[in-house]
Structure formats: C-alpha cells, structure tokens
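The values are calculated or read from the model by the stated rules, or taken from the named source; none is laboratory data. Predicted, not measured: the structure shown is a model, and the values here were computed from it. Don't worry about glycine lacking a Cβ; one is built from the backbone with ideal geometry, like all the others, and counts go over all protein chains shown.
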Amino acid sequence: MEFYSTVIQVSSLLMLILIVCLRYDAVFGNIDINDHLFEDVYFENVSLKDILYYFIIITTTYSVALGCMSTFGLAVILTANKRRFKLLISFVVSLILLALCSIVILVVSGLWTSWIISSASEKLSNDMVYYYKSDTSWDHGKSLAWNTLYVKNKCCGVGAAGWSSFQSTTWWSSPNQNGKSIPDYCCKSETRVYPYESKTTNACTTVLTNNLHHSDGCDTALKTRLSAYMIVFFVVISIVIIMQLLGVISTILELVREYRLIDALHETTGNQLFETVHRETRHSKQRKNLSDLEMRKNRLNFAVRRMTNQSDRLNLVTEDDDVLDVESVADDEM
C-alpha cells in the first residue's frame, strides 16, 4: 500500500507540472491567441478557450486531491493505534471515489480530445476567413491572433497546402496582400510578432521558396502540440487509475488482516478476562471459606472462654462451701 501511495503522489506532482506547462505554453497560454482565436472556435457549443480553462481547473483540483489522498494513505500506513481500522476504511472509500473520478476524467478528456482533433481543420478554416493584416496587426485582434499562432506554433495557413487557404480570407483581396502568396509571419525569419520587424523577402512570401516558410498547416501543428500534452496526461492518469485499483485491493486485504487481528485480540482478551474472573471468583470463595473458618474459630474460642469462666465460678462456689463446712465443724467442737 505504501508503494501505491508513493506512485500516486509522484503522478499527481507530474500532472501538476504538466498543467503548469500547458497553462504557460507559447500557444495554449498566449493571451492574444486565446482571446481572439480560441474564443471563437467552438467544439460541441464550447469554445476552445473554455475547454482549456476547465481542463486546467479540473485537473489541478484533481491533482491536489490525489496528493492529499496519497499523503493520507502514507499517514494511515504509519498509524499503529486502535483507530487504524477506521482510518483504513476511510482511506479505501476515498480511494474508490477518486478512482471513479479518474475514470470519468479520462473518458471525458479522451472524448474532447477526439472531437478537437477530428474537427480542428474545419473550425480553424472557418475562422481564418476573418484574417486581414499580414504585417502590423496590433490593431486587429483576429489578425494578431493568427500572426501570433504562425510565429509561436511555427505553422502557416490551414490544411496540407497552407498557402492556398489564404485565398478565402479577407486579406487576399485587401491592399495588405500586396501580391504576396502568404503573410509575412509565415516566414521562418519572423520570430516576433510585436513590434513588427520585416525580415521577409519575396522569395519567401511570393515565390514560396522551400525552407524559407513554415510548411505545416496550423491545424496539423496545433493537433500535434495538443496530442503531445494529452498523451502524457493519458499515460499519467492511466498509471494513477491502475495504482488506485491495486491500492483498493491492497487496502481491502489489509482491512481483512486487521479485522482478523482485532478479532483474535478480542478473543484472547475475552479468554484472559474469563480466566481473571474465574480466578477472582475462586479466590473470593477461598477468602469466604477462610472467613467462615475464622468466624467459627472465634465462636469456638468464645465458647471455650465462656465455659472456662463458668468452670471458674463453680470452683469458687465449691471452695466457699468447703470453708463454711470447716467453720461449722469447728464451732460444734467448741
């Protein structure tokens, strides 16, 4: 049981580290991308921004609960008093509840991840229509979010041929397009979004020379980035579930052993109590018999003393009679 609690505690710590990395990720933790892009991309009537927020909150709470439960389990292991049996019951109940929560979180997270990965291309394509500025985009939130995504996620457009996806955007027919096939931020030379510094060339934005621009579509890069986090999460929570189930079995076996120990202790204590009572009863009877003998002895001594006193009085009367007889004889002779 100690091993299972330790593994769960380490897993909860790994999960917290994973959540911190996700929260401050260059893409998923970026304010501009969340506020102007993920907030408008919906999966099952829930925005991607809210999905990430709820996932971080729920997983953080779950990780803290895991850490507290594993610490409680280690404390129960070190406990060796009469409350150990009740503490084991509390621990196994909390372990079962957390195991059920773990399974629910695993299933729900798997479903949401599947929905996001399967429909990310369509959702992002629908949103990229509003893309407008390809250079200084600080005053246009949607363009700023996409340009930040191009730089941070090292991607360009949506789909396998990312450059062709720009033909359906507002930017394509605007003066900002300026004869370019892809925005400036798709070029590998652009490493910062703001302040804007043009480091692009016609070979990158117009001719589309290989190795000068990002070749992956943003949907593919985003799904790869999300999958990397979720694979680690699924591995960790699967280990936690296995350890929880093994911990439940181990704790139940410990409860059975503890119950048998308590039962044997009660039986031994009961036998000792019976022997003590029997011994005390026997001693009480012996003391009572001694008391009776002492009482009889006292009564016999009293009777002997009484008979002795009576005998002494009879002897005294007899002596008095003898004295009187002698005195009367003496008088007669005179």
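The set of residues from the stretch 198-220 being farther than 20 Å from PHE38 by Cβ and outside any loop (DSSP other than H, G, I, E, B) comprises ASN202, ALA203, CYS204, THR205, HIS213. Restricting attention to the stretch 145-191 and to residues that are small (Gly, Ala, Ser) and either assigned by TED's automatic domain parsing to the domain that holds ILE31 or at positive phi (or both), the residue that is surrounded by the fewest Cβ atoms within 10 Å (Cβ to Cβ) turns out to be GLY179. All of (1) assigned to a helix (DSSP H, G or I); (2) within 30 Å of GLN167 (Cα to Cα) hold for SER134 with one exception: (1). Residue-level analysis places CYS204 among those that are in contact with a helix residue (DSSP H, G or I) (Cβ under 8 Å, 6 or more places away or on another chain), buried (at least 17 other Cβ atoms within 10 Å of the Cβ) and more than 24 Å from LEU48 (Cα to Cα).
Considering only the stretch 126-134, I want to know if a residue exists there that is buried (at least 16 other Cβ atoms within 10 Å of the Cβ) and within 14 Å of LYS223 (Cβ to Cβ). No, the stretch 126-134 contains no residue that is buried (at least 16 other Cβ atoms within 10 Å of the Cβ) and within 14 Å of LYS223 (Cβ to Cβ). Can you tell me which residues in the stretch 141-197 are hydrophobic (A, V, I, L, M, F, W, C), modelled with pLDDT under 85 and assigned to a helix (DSSP H, G or I)? Hit for the stretch 141-197 is TRP163, nothing else.
Within the stretch 192-201, being loosely packed, with under 12 Cβ neighbours inside 10 Å and of a type in the set (Val, Ile, Thr) holds for no residue. For the stretch 262-275, check the following and say yes or no: at least one residue is assigned to a helix (DSSP H, G or I), among the β-branched types (Val, Ile, Thr), exposed (fewer than 13 other Cβ atoms within 10 Å of the Cβ) and at pLDDT below 85. Yes, the conditions are met somewhere in the stretch 262-275. Residues in the stretch 59-87 that are β-branched (Val, Ile, Thr) and either crowded, with 16+ Cβ neighbours inside 10 Å or modelled with pLDDT under 90 (or both) were compared, and the one that is farthest from LEU14 (Cα to Cα) is THR79. Check whether at least one residue in the stretch 42-49 is in contact (Cβ under 8 Å) with a residue 60 or more places away in the chain and within 23 Å of the chain's Cα centre (by Cα), and report yes or no. Looking for residues that are in contact (Cβ under 8 Å) with a residue 60 or more places away in the chain and within 23 Å of the chain's Cα centre (by Cα), one finds none in the stretch 42-49, hence no. All conditions but one from (1) without any contact (Cβ under 8 Å) to a residue 24 or more places away in the chain; (2) on the phi < 0 side of the Ramachandran plot apply to THR71; the one that does not is (1).
Kindly indicate whether any position in the stretch 97-117 is of a type in the set (S, T, N, Q), within 25 Å of ASN30 (Cβ to Cβ) and surrounded by 15 or more Cβ atoms within 10 Å (Cβ to Cβ). Checking the stretch 97-117: at least one residue is of a type in the set (S, T, N, Q), within 25 Å of ASN30 (Cβ to Cβ) and surrounded by 15 or more Cβ atoms within 10 Å (Cβ to Cβ).
Here's the yes/no breakdown for (1) in contact (Cβ under 8 Å) with a residue 24 or more places away in the chain; (2) of a type in the set (D, E, K, R); (3) out of contact with any helix residue (DSSP H, G or I) (no Cβ under 9 Å at 6 or more places or on another chain):
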residue	(1), (2), (3)
ASP219	yes, yes, no
ILE231	no, no, yes
VAL236	yes, no, no
VAL240	yes, no, no
MET243	yes, no, no
VAL248	yes, no, no
LEU253	no, no, yes
ARG257	no, yes, yes
ARG260	no, yes, yes
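Against the conditions (1) at pLDDT 90 or above; (2) buried (at least 16 other Cβ atoms within 10 Å of the Cβ); (3) not β-branched (Val, Ile, Thr), ARG23 satisfies every one except (2).
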